[in-house]
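A short write-up of the structure that comes next.
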Amino acid sequence: MNEYDSNRILDLVKKINYTSTKNLSVADCYVLNTCHIREKATDKVYHEIGRLKKEFRNKTKPIVLIAGCVAQAEGDILLKNEKYIDAVVGPQSYHQINNMILKVEKKLKQINLTEFDVIEKFDTLNCHKNSDNRISSYLTIQEGCNKFCKFCVVPYTRGAEFSRSIKEIVEEAKNLSENGAKEITLLGQNVNAYNFEGKKISDLIIEISKIDKLKRVRYTTSHPVDFTEDLIELYKNCKKLMPVIHLPVQSGSNKILEAMNRRHSVEEYYQIIKKLIKVRPDIKFSSDFIIGYPGESHKDFMKTIELMKRVKFINSFSFIFSARPGTPAFGLDRVNEKIAQRRLTEFQNVAENIKNSYRNKLINKTTKVLFENKIKNQNKYFGRDEHFNSVIVESNEDLTGLIKNVKILRGNQNTLFGELNLTFNQTNYAA
Ligand code: SAM
Ligand code: SF4
């Protein structure tokens, strides 16, 4: 979502004649878009400012804006502690960024914009047109969260759940596809909690799938509680809906899920997985895990390992519990640091083995890859298969934007390498 937001910020500042540069030393304005989900987020901001100061020593300093959830949560402190920062802007106030920059240009004092103004934000940022012609594009459909898991800052930094109108989203999807997008990933902190005047994410996906030039639809991040039957059923017939779901579970222990206020049990989670496999047997899952949540015993931890082995997640993001100020879990007794670290390592080893064995099974198999771009200075193309695995093939033909059958030859931790499977490639799926 920060990547999507950063691109929208870039679209906006173009209107006041700013453009992006990869060369930091020539920047007139520096925007740092931040994430507040785990500890050390604020330290990273101070670290970056230190780096900037060094870069601009003996030169005119650029305008410095701190955007995102750290700005939202700790904007006042940042402005007070670091005079190098000109302004802070929370995620719901990005639409006002040009006014901010113009004010700072006029050397007005430090500015703090951290109100929740989500409707006005989307009205201004409306209708992203994919000006950089990406084959795979993001589209935010929902923001914020009402769930209040005890460990999480999102309800405080991103505010309450808000869903954009179907009309507005479909229009944006059409614009993206007109400008080359073949794949759209719908974004939201709780994307499947999407609800606009009774229309759910399944209704939205049906509408978006009607766009002819669009070949693939994904969404992230979904919450188990909002995984309703209509969404499960959609996997039966909607071939544009890709067969991999990121469905965070956090823990395999009911005791811990309850303590986290996750509002579902392990059994209910597993039921969703089972139903999805039934309607779409090739479906795969990835997930988020928090290891060492306050009160997690060895037995609870082993239940998380058990769930990992049972579902065989093809990807996972696991972190030790990070105590976030302002959240209900902040003051709870923590699991001993060394024990938590040991558990994380054990968990990640199990996850890694499962991932490797899945990836090994792909070797010599043929998979459909949507190619996104040519690799610089090489005759190689990068793309993703239906399960979101990164794939690279060599080709003299420009594959950008095409879906091709690829035979996988080998792979490493992050990438699969293959060759075009000529027997299957009579048709271009996405011309
Ligand atoms: N809304 C999604 C859900 O609940 O499934 C997840 C969104 S959250 C922004 C992304 C992930 O960050 C969570 O799934 C969780 O694993 C992780 N996370 C959030 N707060 C955390 C904390 N205090 N410590 C460690 N991990 C955390
Ligand atoms: Fe955070 Fe997700 Fe829980 Fe909302 S549902 S509070 S975003 S972890």
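The values are calculated or read from the model by the stated rules, or taken from the named source; none is laboratory data. Just so it is clear, the model here is predicted, and its values are computed rather than measured. Positions of Cβ are backbone-derived with ideal geometry, glycine not excepted, and every protein chain shown enters the neighbour counts. Surface accessibility is based on the protein's heavy atoms, side chains included, excluding ligands, DNA and RNA. Shrake-Rupley method; radii C 1.70, N 1.55, O 1.52, S 1.80 Å.
Summary table below
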item	result
Residue count for the stretch 216-244, restricted to those that are within 16 Å of ligand 1 (Cβ to nearest atom) and out of contact with any strand residue (DSSP E or B) (no Cβ under 8 Å at 6 or more places or on another chain)	5
Complete set of residues in the stretch 1-43 that are free of Cβ contacts under 8 Å to residues at least 12 places away in the same chain and part of a helix (DSSP H, G or I)	L10, K14, V26, D43
Tabulated pairs, the stretch 335-352, first farther than 11 Å from I320 by Cα, second open to solvent by 30 Å² or more (accessible area, probe 1.4 Å) and in a helix (DSSP H, G or I), C-beta under 8 angstrom, 6+ apart or interchain	V350/K309
Search result, residues across the stretch 89-139 that are hydrophobic (A, V, I, L, M, F, W, C), modelled with pLDDT under 65 and outside any loop (DSSP other than H, G, I, E, B)	V118, I119, L125
Residue tally, condition of a type in the set (D, E, K, R) and open to solvent by less than 10 Å² (accessible area, probe 1.4 Å), over the stretch 364-403	1
Checking S318 against (1) within 16 Å of ligand 2 (Cβ to nearest atom); (2) modelled with pLDDT of 95 or more; (3) open to solvent by 20 Å² or more (accessible area, probe 1.4 Å), the condition it does not meet	(3)
Count - residues of the stretch 225-245 that are more than 16 Å from ligand 2 (Cβ to nearest atom) and either in contact (Cβ under 8 Å) with a residue 60 or more places away in the chain or not charged (D, E, K, R) (or both)	10
Count of the stretch 377-417 residues which are in contact with a helix residue (DSSP H, G or I) (Cβ under 6 Å, 6 or more places away or on another chain) and aliphatic (A, V, I, L, M)	1
Top-ranked residue in the stretch 246-266 [being within 11 Å of ligand 2 (Cβ to nearest atom) and among the polar types (S, T, N, Q); ranked as surrounded by the fewest Cβ atoms within 10 Å (Cβ to Cβ)]	N261
Residue count, the stretch 401-415 (criterion: charged (D, E, K, R) and part of a loop (DSSP other than H, G, I, E, B))	0
Residue list for the stretch 267-300, filter: over 24 Å from the mean Cα position of the chain (by Cα) and among the β-branched types (V, I, T)	V279
Failed item, numbered, when S222 is tested on (1) of a type in the set (S, T, Y); (2) within 14 Å of ligand 2 (Cβ to nearest atom); (3) in a helix (DSSP H, G or I)	(3)
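Table: residues versus (1) touching a Lys or Arg at 6+ places or on another chain (Cβ under 9 Å); (2) open to solvent by 60 Å² or more (accessible area, probe 1.4 Å); (3) under 23 Å from R262 (Cβ atoms); (4) within 16 Å of ligand 2 (Cβ to nearest atom).
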position: A160; (1), (2), (3), (4): no, yes, yes, yes
position: E168; (1), (2), (3), (4): no, no, no, no
position: N175; (1), (2), (3), (4): yes, no, no, no
position: N179; (1), (2), (3), (4): yes, no, no, no
position: K182; (1), (2), (3), (4): yes, no, no, no
position: L187; (1), (2), (3), (4): no, no, yes, yes
position: A193; (1), (2), (3), (4): yes, no, yes, yes
position: E197; (1), (2), (3), (4): no, yes, no, no
position: I206; (1), (2), (3), (4): no, yes, no, no
